[in-house]
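As structure tokens, the structure follows; a few thoughts come after it.
The values are calculated or read from the model by the stated rules, or taken from the named source; none is laboratory data. Because the structure is a prediction, the values reported are computed rather than measured. Methodologically, a virtual Cβ is constructed for each residue, glycine included, from the backbone with ideal geometry; neighbour enumeration extends over all protein chains shown.
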Amino acid sequence: MSLDTRTRSDADAQTVDAVRFLDEELPELGRVRGVLAARGARELGAEPFTIETPTGAWTLELAGDDVRVTRGDVGNASVRLFAEDLSDVVNDLKTPMTFVAAGTLSMARGDLGDFLDWWVVLRALVDGRPAHTAGSIAFSERSGAPLDLGRVFTPDDDDAEIAHFLAEAGFVHLQGWYSPALMAEIAEDVDRALPAYTRGDGRSWWARTAGGEDRCVRLQHFDAHSGATASIVDGPALARIAALSGDGHRTPEGENRIEALVKPIGVVEGISDVPWHKDCSLGMHSYRCSSLTVGISVTGADARSGQLRVVPGSHRALVQPAFVRREWGLPVLDLRTETGDVTVHCSCTLHMAQPPVDRERMVLYTGLRLPERPGNMAWDSEARDEIARVREGAHRMVSQPPGHVVPS
């Protein structure tokens, strides 16, 4: 089952004329495609929302199964966008989270949650994709029976079964795919490599703990420091995972092929444990998704030691790209892992990392990318590093959800 959700290439991004779009194009989309957005927006409690631009203000509101767009600043919430920002939002190059990351979010009324709700409406209208409604996503086995979301897969399981689960749930838990002995060797390699990383070196992330320690929490290019890790990147298990979708996912290339993460207890500054987000939360879902993120548990993880949590089905749902809403009716699942287990999740699956409270955690992370589409420029290592820096900024700034967004 394909995981490739891309509908755009780089060549599809066109400059949007704000007046024409808001006066003519969006009202027509609101009439023709409003039914795709209205029910989901009502479930979220979306109230009239104003987009203010240098050329005027327009208010969006629900009108039955239509989305009405009228001139004037009369919304319960209001966001200010420059013309190029509006163009980027329409083209799916930016989301509300991009403005948070850049520190440029400007709202005269309301909060980030209002903008996120209406971003969902806009995506439904522009992309012709229905906004998620509670109960609209089911999880089924290939036989049609209900899917057991708690199922784990061993190396002896059938790849077709694993691939089906991944496509349905947006993640998969692979149990016992690497030996504890190999993980112990990698843990020793992490300890040996740490002195080679320094703050500001461009290849590590750092955090401070409540005890005043300055800790390196992300070691990039780690295969250069660990032969055992390099054997994983180039090994058959990762190649097998890449082949699951049949979409041509590629094993890592370039310089930063795999990273080692150390998750300390009591982080008070810096990025170690991240809140709910999709990896496409800063934009470009329709250009880049769905790549796969592979986490290899060097040490096991549970609720007390920094486990991963996911929202099954969120990769198939048009929902906001950060935080979790109870109104969606989607489950939230904890992924408790043992040493040598692997978690795989789609880039557009909502996920988060819990902060450890009893035991520190070590984990390796690598990514499997889809082949480039015609019209797309390949991502070189510099572009990927820039995206990582922006994402780090987003995680740093978004430590608390807006008022009516419910963390789970």
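Are there any pairs with C-beta distances below 6 angstrom linking a residue in segment 38-56 that is in the same structural domain as residue 323 (by TED's automatic domain parsing) and surrounded by fewer than 24 Cβ atoms within 10 Å (Cβ to Cβ) to a residue that is in a helix (DSSP H, G or I) and of a type in the set (Gly, Ala, Ser), with the two at least 6 apart or on different chains, and if so which?
Correct list of pairs: empty, since none qualify.
Please state which one of 231, 286, 272 is in a helix (DSSP H, G or I) and within 21 Å of the chain's Cα centre (by Cα).
286
Out of the residues in segment 225-283 that are out of contact with any Ser or Thr (no Cβ under 8 Å at 6 or more places or on another chain) and on the phi > 0 side of the Ramachandran plot, which is modelled with the highest pLDDT?
For segment 225-283, the residue satisfying everything is 248.
Working carefully through the options 104, 95, find the one that is farther than 19 Å from residue 350 by Cβ and either assigned by TED's automatic domain parsing to the domain that holds residue 38 or among the hydroxyl-bearing types (Ser, Thr, Tyr) (or both).
When all the criteria are applied, what remains is 104.
Could you tell me whether any residue of segment 152-171 is closer than 24 Å to residue 279 by Cα, part of a loop (DSSP other than H, G, I, E, B) and not assigned by TED's automatic domain parsing to the domain that holds residue 307?
Checking segment 152-171: at least one residue is closer than 24 Å to residue 279 by Cα, part of a loop (DSSP other than H, G, I, E, B) and not assigned by TED's automatic domain parsing to the domain that holds residue 307.
Mind listing just one residue for me: the one in segment 170-223 that is without any contact (Cβ under 8 Å) to a residue 12 or more places away in the chain and within 27 Å of the chain's Cα centre (by Cα) and, of those, surrounded by the most Cβ atoms within 10 Å (Cβ to Cβ)?
The residue in question is 201.
Residues to consider are 133, 98, 59, 104; find the one that is touching a Ser or Thr at 6+ places or on another chain (Cβ under 7 Å) and either modelled with pLDDT of 95 or more or in a helix (DSSP H, G or I) (or both).
59
Among the candidates 19, 74, single out the residue that is part of a loop (DSSP other than H, G, I, E, B) and without any contact (Cβ under 8 Å) to a residue 40 or more places away in the chain.
Only one candidate qualifies: 74.
Need the failing condition index for residue 319 against (1) modelled with pLDDT under 95; (2) of a type in the set (A, V, I, L, M); (3) over 30 Å from residue 216 (Cα atoms), just the number.
Evaluating residue 319 over (1) modelled with pLDDT under 95; (2) of a type in the set (A, V, I, L, M); (3) over 30 Å from residue 216 (Cα atoms) leaves (1) as the failure.
Please go through segment 148-167 and give me each residue that is crowded, with 16+ Cβ neighbours inside 10 Å and either among the polar types (S, T, N, Q) or more than 18 Å from residue 309 (Cβ to Cβ) (or both), ordered by number.
Result: 153, 162, 163, 164, 167.
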